[in-house]
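Worksheet: one structure, shown below.
Please treat every number below as a calculation from the coordinates, not as lab data. None of the values given here were measured: they were computed from a predicted structure.
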Amino acid sequence: MSVTGTYDTTVKSPMGDQKGTFTVVEGDDGTFTGNMAGGMGSMDVENGKVDGNTMTWEMNMTVPMPMKLECEATVEGDTLAGNVNAGAFGAMPLTGTKTA
């Protein structure tokens, strides 16, 4: 199963629901690239890895403060669910629905 696609996502953050568009392009070697774009700008995927239907990746947030985000999500059908770990802020639930 390929995780490639575009997902409408919601991250439940301490600042309220953060909606965005998560674009995933799976490589041939267990990796993926992409980005997350939303109301606070765009972040590129770093160290994207795919293991079956589970993805792990990092992103460097700059707004509202610089922070490394560590992310994990599992894709089932047209949905994804996981967590975004934001350091001292802890894990924030991530959900999404594939749109393309």
(message) Among Met43, Met67, Met55, which one shows the highest mean-square fluctuation when the chain is modelled as a Gaussian network with alpha-carbon springs under 10 Å?
(response) Met67
(request) Please report the relative contact order for the chain, taking Cα pairs under 8 Å with a sequence separation of at least 6, and give it as a percent rounded to a whole number. (result) 24 percent
